[in-house]
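One structure is given here, and the rest of the page talks about it.
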Amino acid sequence: TNDTKDFDEEVESVCPYCGVGCQLSFKVKDGKIKYVDGINGPANENRLCVKGRFGFDYIAHPHRLTKPLIRRDDAPAKGLNVDPANIHTHFREATWDEALDAAANGMKGRGREIAGFGSAKCSNEEAYLFQKIIRQGFGHNNVDHCTRLCHASSVAALLENVGSGAVTATFNEIENADVAIVIGANPTENHPVAATYFKQFTKRGGKLIVMDPRGQGLKRHASHMLQFKPGADVSMLNAIMHVIVDEGLYDQQYIEAFTENWPAMKAHLADFPPEKMAEICGIDADTLRDVARTFAGAKAAMIFWGMGVSQHIHGTDNSRCLISLALMTGQVGRPGTGLHPLRGQNNVQGASDAGLIPMFLPDYKDVTDDGVRSAFTDVWKSGDFSNQKGLTVVEIMHAIHDGDIKGMYILGENPAMSDPDVQHARDALAMLDHLVVQDIFLTETANYADVILPSSAWPEKTGTVTNTNRQVQMGRPAVPPPGDAKEDWWIEVELAKRLGLDWDYTHPSQIFAEMKLNMGSLDNITWERLEQTAVTYPSLSPEDPGQPIVFGDGFPRPEGRARFTPANVIPPDEVPDAEYPHVLITGRQLEHWHTGSMTRRASVLDAVEPEANCSLHPRTLRDLGVKAGDYVRLTTRRGSITIMARADRAVAEGNVFVPFAYVEAAANILTNPSLDPYGKIPEFKFSAVRIEAAEAV
Ligand code: SF4
C-alpha cells in the first residue's frame, strides 16, 4: 500500500510496542490511520516488524473507552466479570469533573493507604508526573511499574557494578563487533528489528553465541547454540569465566585500569571448572571452553540479554555474571563492545529514568538521600516525602492482602494479567476500597475499578520516549483520542489539582523542562531539539547527537572503577518433583505484546495468533498421549489452566512454554511469585508444573 500515496497527512512518530523504538510514519486519511511506514530512525533505518507495520487498528477498536466511568452502586461484586459489550451493568458514564472528583476524593489525604502503578507505555513526561503525584500527593514511594517484571534485576546489577542502569552501547554497535552473545532473549520474536541487525552481523562473518533453554529464530544464524538447562545460567557463565581465568585469556591491563574486586572474583571462579558444571547446566565442557575462547579472543564483543536472564530469583546474579564476563575481557567502552539488556516495552527505559520506581527518583537518585529529596521538593515547591524505599509491584499486592494498602491509582498497567500468581493479584484488586484505572480499554485490571478514566493511545498523544538504546525520541499525535478520552498527562494534571497539588502544566514540553532541572542525563537535550531529531543520552553539547557508547574512560562509580561481584549458584525457588515434574517457562510471542490488551484487538495480529497456546517438544506430547492441536492441562502450586498444545522442537523435553497474553488461559495463574532479593523481580522463567492431557474448553 505504500506506493499509493493515498493519504491526507503523514505524521512521524515512534512505534508503541517494543523497546527497539522504531521510528515510523502514520499515513492518515479521513481522520484514521490508513497504514504505517518505517522511516529512518537511529534504531531502525526504515525497518518495521509485523507489530509496528500492521498493529495499529486497535486504536479504533469498538472496545475503546470513550467516556469516564464510575462503578454503579448496584454493580455485581468485583471480579473478572465485566463484559466489554455490556459495561453498563457495572459502570455508569460520568462527566470528567464527576469522575475526576470521585477519583480524587477516594484517595485524598490517605497517604500510605494509596499506592500507584504507572506505565512504560506512556511518555517520559507522563511517567514523571505519575511518580510525582504519588510522592508529592501521598508522601511516600509506593510507586512502581512493569520494569519490576522485566529488567529490574538487570538494572540492580548494572547500577551496582557499572554505576548506571542503562545500556553501555546501542544494539546497532553490533556492526562493529566480531563476537556477540545473546542470552535469555528471543529477538526475532520480541525485538524483531534489532534481530535484523544481529542477522546482518553474522552475514558479514560475526560469531553469534546464542544461549537459551529454548531454541529460537537466531539459532540458525549462530556459531554456537547453547541450549542450557533452565535456571543454570550462573553455573554456565561461571564455567565460561573459569576457562578465561584458567587459560589466562583475561585483559589484565583493562582489569587493572578500570575495575575493582578482581582477586575475589578470580578466587571465586576456581570452584567452577567446566567439567564440574557441564552436568548442571547441560552443556559439555568442550563447548564451554570453546565459547570462552571465542568470546575472550574477540577484538570487539557485545553481550545482549533479555528476560530469560532477569526473571529468576537469581536474576541479579545472572546479570552480575554477564557484567563480569565483559569486564574481565575488556569488552566495554569501545566500538563494537558493551552490555545491552534489551528493554521490553517502548518506554520502560524512559519510565525508569523518570523515577517510576520505588527506590529511585528521576535519574536513579536515591530516595533515602536527604539532599536528593530536597533537590526535588525545591523544584516541586512542596514539603518533604518519605525517605523510605517504597514497595514494589508484587510487594504492593501482598500489602493489600495485609490491609496496609487500601486504594490504588493504576495507569496503563494490567496487574490482573501480568503479576505472578495472578489470582492472588486479582483477589488483592478486589479487596481495594478505591481503585482508579486510567487506560484505553477495559483491561482485566479495569474490571476491578471504582473509577475508570479513558485515556489516549500512543498514536493520539504528544510526548517523548526513550528506547533501549538511550535514544530519546518524539511521539506525535496522528489522530485525536476517541470520544471524551484525554491524553494521560492532562488527566494526571487534573487529578493532581483535585488532590490539592499546585500543578499548572498546559503542555508536555513544560513537564520535560521541569524534568531537566534534576536529570543530568537530559543535559543538552531540549524539547526543541527532539522536535527535529532523536538524541541519545548522554549528549555532551547542544550539537552532539549523543553518545552511543559510554564508559570508555571509566565508570560512574568510586574511582571510576567497575566492580566484579561474584555470584554463587542458587537453585530455582521450586524444583520439579513427583507431583510437578515438568518446567514451565513463560514469555511473549511475535504477534502478541505483553498482556495482549492492544495486540489482541489488532485485527491482523489477532488473526495470525487468535488462540491461547503452549509449546511442547514432540516427544513430550507423545509421552502424554497428546497430538499437536489437542489440549493439555497445566497445573502448578498456584492453579491450573487448560490450553491448546503445539509441537515445538525448540522447547526442551519436559519443558512447556506458555505466552502470557491470553486471558482465557492466563499463564500467570501458574507462575511463582518468589522474588529476586535485589531486583525484586518474580521467577517467571521457572515454575514446577504438571502437564496432563485434557479435553478442549
Ligand atoms: Fe515496533 Fe519493536 Fe517491531 Fe520496531 S521492532 S516495529 S519498535 S515492535
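Since every read-out is calculated from the coordinates, none of them should be taken as a lab result. Since the model is a prediction, treat every value here as computed from it, not as a measurement. FYI the Cβ positions are ideal-geometry reconstructions off the backbone, even for glycines, and counts take in every protein chain you see.
Below is a table of values for the structure above.
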| read-out | value |
| --- | --- |
| Packing-based exposure ordering (other Cβ within 10 Å, fewest first) of 369, 37, 488 | 369, 37, 488 |
| Gain upon complete extension [residue 575, residue 547; 0.36 nm per residue less C-alpha separation] | 5.7 nm |
| Euclidean distance between Cα centres, region 608-663 to region 50-121, Å | 33 |
| Relative packing of 115-128, 257-270, which averages over residues the other C-beta atoms within 10 Å, highest first | 115-128, 257-270 |
| Packing-based exposure ordering (other Cβ within 10 Å, fewest first) of 646, 601 | 646, 601 |
| Share of alpha-carbon pairs per 20 Å distance bin for the chain, given as whole % | 19, 54, 26, 1 |
| Size of electric dipole in region 541-642: Cβ of Lys, Arg +1 and of Asp, Glu -1, about Cα centre, debye, nearest 20 | 300 |
| Theoretical gain in end-to-end length, residue 256 to residue 401 [0.36 nm per residue, Cα-Cα removed] | 47.2 nm |
| DSSP bridge pairs, the chain: antiparallel proportion in percent, nearest 5 | 50 |
| Neighbour-count ranking [beta-carbon atoms within 10 angstrom, fewest first] of 251, 623, 450 | 623, 251, 450 |
| Cross-link table 229/685; 132/365; 51/229; 78/406; 276/680; 51/486, entries beyond 19 Å C-alpha to C-alpha | 51/229; 276/680; 51/486 |
| 5 angstrom amide H check on residue 24, placed H, neighbours 5+ away | 13, 14, 15, 39 |
| Estimated inter-spin distance, residue 623 and residue 502, nm [label 7 Å along Cα→Cβ] | 6.7 |
| Cα-projected label distance for residue 279 with residue 77, points at 7 Å along beta-carbon direction, nm | 5.2 |
| Zone residues, region 427-442, relative to residue 97, backbone N less than 11 Å from point 7 Å out along Cα-to-Cβ | none |
| Average projection area in nm² (convex hull over Cα atoms of region 548-685, one quarter of hull surface) | 12.3 |
| Separation in nanometres of the label points that stand 7 Å from Cα toward Cβ, at residue 199 and residue 46 | 1.7 |
| Integer Hz, Karplus 6.51/-1.76/1.60 couplings in order for region 166-172, x for Gly and Pro | 9, 5, 8, 8, 5, 5, 5 |
| Centre separation in Å (Cα based) which lies between region 518-557 and region 1-41 | 27 |
